[in-house]
Amino acid sequence: MTESRTSYITKRILSTQNVLSFVKSCEEKNWEQDLSDLTAQQSSDSFHDGLMEVFQRSFPTKRIKITDNNRKNITNALGTVARATKHEAVYDLYNAKKQEYHKRMDEKVRQNNIEYIQNGQNFQRAMWNVLNNETKKTRRYTSSNFSSDDFKSYILSTALKKF
């Protein structure tokens, strides 16, 4: 079984309590004192730094594991952005993410089928159930790097392990 790479994203916690904390902190900050006697550029930088400090303190971050459902949502969102903006770079990113998602799902189905066959009480029945379920999904031919010899050797090695 191959190990998959775990991905995480960082999100800000935007709760009502945090929004109220942000508003309160902005009201309590003495902006005039921080910005007085400064040039325009210094005032802008000081304002930005102060606002970012309040923002980061009010809205902490949280690390979230990306699940397959998140991946599908991200892929769908990229598709929507690609269709709306019609930028080629976004289309390329969308197609790459879509391909990555489908490969990941195909691998997951394959692993589930292997576990079903290996853990079933009746090896042959489980194998035929998998074959029938997979061929009912699509009857069209898809190109594969998996040759008939590979299939035979896989079936024989799996059968030898089972018996």
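The values are calculated or read from the model by the stated rules, or taken from the named source; none is laboratory data. All figures in this text were calculated on a predicted structure; none of them were measured in a lab. Reconstructed Cβ throughout: ideal geometry from the backbone, glycine too, with neighbour counts over all protein chains shown.
Quick notes
- Restricting attention to region 63-78 and to residues that are within 11 Å of Lys98 (Cα to Cα) and among the basic types (Lys, Arg), the residue that is modelled with the highest pLDDT turns out to be Lys72.
- Options Glu53, Glu100; residue that is surrounded by 11 or more Cβ atoms within 10 Å (Cβ to Cβ), acidic (Asp, Glu) and either assigned by TED's automatic domain parsing to the domain that holds Tyr154 or not in a helix (DSSP H, G or I) (or both): Glu100
- Of the residues making up region 84-120, those that are over 18 Å from Glu134 (Cα atoms) and either basic (Lys, Arg) or touching a Cys at 6+ places or on another chain (Cβ under 7 Å) (or both) are Lys86, Lys97, Lys98.
- Residue match in region 49-63 (condition: within 30 Å of Met105 (Cα to Cα) and of a type in the set (D, E, K, R)): yes
- Within region 13-41, the residues that satisfy the criterion of being outside any helix (DSSP H, G or I) and among the polar types (S, T, N, Q) are Ser15, Asn30, Ser36, Thr39.
- Region 110-131, subset exposed (fewer than 14 other Cβ atoms within 10 Å of the Cβ) and within 26 Å of the chain's Cα centre (by Cα), residue farthest from Lys72 (Cα to Cα): Glu115
- Any chance Asp45 is surrounded by 12 or more Cβ atoms within 10 Å (Cβ to Cβ), of a type outside the set (A, V, I, L, M, F, W, C) and farther than 26 Å from Lys108 by Cβ: yes
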